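Structure record follows, encoded as structure tokens.
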Number of protein chains: 2
Amino acid sequence: MARTDFTRMRCPVARSMAVLGERWAILVLREAFYGAKRFEEFERNLGIAPNILSARLRSLVEHGMLDRVPVGGGGRGAAEGEGSGRGGGRHEYRLTEKGRDFFPAYLALKRWSDRWMTDAAGPVVVLVDRETGAEVTAPVPSRPDGTPLGPEDVRVLPGPGASPAMRRRFLLLAADAELGEAMDDGR
Amino acid sequence: MARTDFTRMRCPVARSMAVLGERWAILVLREAFYGAKRFEEFERNLGIAPNILSARLRSLVEHGMLDRVPVGGGGRGAAEGEGSGRGGGRHEYRLTEKGRDFFPAYLALKRWSDRWMTDAAGPVVVLVDRETGAEVTAPVPSRPDGTPLGPEDVRVLPGPGASPAMRRRFLLLAADAELGEAMDDGR
């Protein structure tokens, strides 16, 4: 069975998985958020095989999250080994607006990872506001009165982009759920 | 070269990639957030091959994000086909606290995907507060005065969990960055 083409899926989150649903992609973005621009900076910070890094950078560029920008020659020494076989010419990988706009999602992922994937010592990295020195962490979705919102607190509805088939599916699912509850109550 | 074992990486976000850095993982979690509990609900909603679904559910259970819980037999009909070869016995996949706590990260990913991966029509799904009917979207990291915070607004510092080697690396990186800027200015 052919590998599913996630870019053709209707759900936007599924489409994002075409570029993000791979183990290194978000880590490469992390390095970009933390200031990496040149191939060797990504390579050194991540400890990643150069061919994998080339592929991930290429994917992020193709999906519009990074721009690969030539920068002036000369400067500090040996040509960078991008693993692409190209000689000369230095490049930087710069965040696009689409890439920058992923930062809140990265912060949310960091919040969860720091809570659930960390030893007792605590986070390896903390982010602080350059201006104020205050620690920067992802805000938690809440009601205006401050009550946190969890998945059980939300109802899932078709949005403006939902197809007629999707709308029917939501109606059928809702009806099926109610029927199931009625049957369970009747046991 | 052996495939990197992400669970042994020092960075918590990298460790999370061991379970999340795969194209279907977050979509399976999405269905759990939206109320799916039984194998066939996940299968039907996702349109995913059952062997892939089994593997993803198993991974999420192993990483403590879902619990696989036996539920009473009888009820509404044919045994569910979990693809695991087990007959009889019905199970539900329920979010653990670790799984529930991923919801803010999911919302942040949905916000980004709805903005950058959607047609002009808009989101396929909207989430609303069951109590108030208000739309629920991920809050954006901001200063107390409401100014949004982007990656360029934060400084990256070693946290309490950083090893001595990591602390030295941060110092070296900071020094190298300053040196580079001084050299660039001097051209």
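The values are calculated or read from the model by the stated rules, or taken from the named source; none is laboratory data. Every value quoted in this text rests on a predicted model; they were computed, and no experiment measured them. Positions of Cβ are generated from backbone atoms using ideal geometry, with glycine treated the same way; all protein chains shown enter the neighbour counts. We work out accessible area using only protein heavy atoms, side chains counted, and drop any ligands, DNA or RNA first. Shrake-Rupley method; radii C 1.70, N 1.55, O 1.52, S 1.80 Å.
The table for this structure:
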| quantity | calculated |
| --- | --- |
| Summed buried accessible surface, chains B and A, 1.4 Å probe, nearest 100 Å² | 8700 |
| Ascending list, in nanometres, of distances separating the B:E92 label from those of the other copies (7 Å, Cα toward Cβ) | 5.4 |
| Shielding by partners, peptide B:140-146 (average Cβ within 10 angstrom, other chains) | 4 |
| Cβ neighbours within 10 Å from other chains - mean over A:17-30 | 5 |
| Per residue, the convex hull volume that the Cα atoms of the range B:1-71 enclose (Å³) | 106 |
| Within straight-line cross-link reach of A:K98, lysines at Cα separation under 23 Å, skipping those fewer than 8 residues along the same chain | A:K37, A:K110, B:K110 |
| Spacing of the two label points (7 Å from each Cα toward its C-beta) at B:R58 and A:R169, in nm | 2.6 |
| Gain in span if fully extended, A:T96 to A:E135, counting 0.36 nm per residue against the direct Cα distance | 11.6 nm |
| Inter-copy separations for A:D145, label at 7 Å along Cα-Cβ, nm, ascending | 3.1 |
| Shielding by partners - mean other protein chain Cβ count within 10 Å, residues of A:37-50 | 1 |
| Nearest-first distances (nm) between copies at A:D119, label 7 Å from Cα via Cβ | 5.1 |
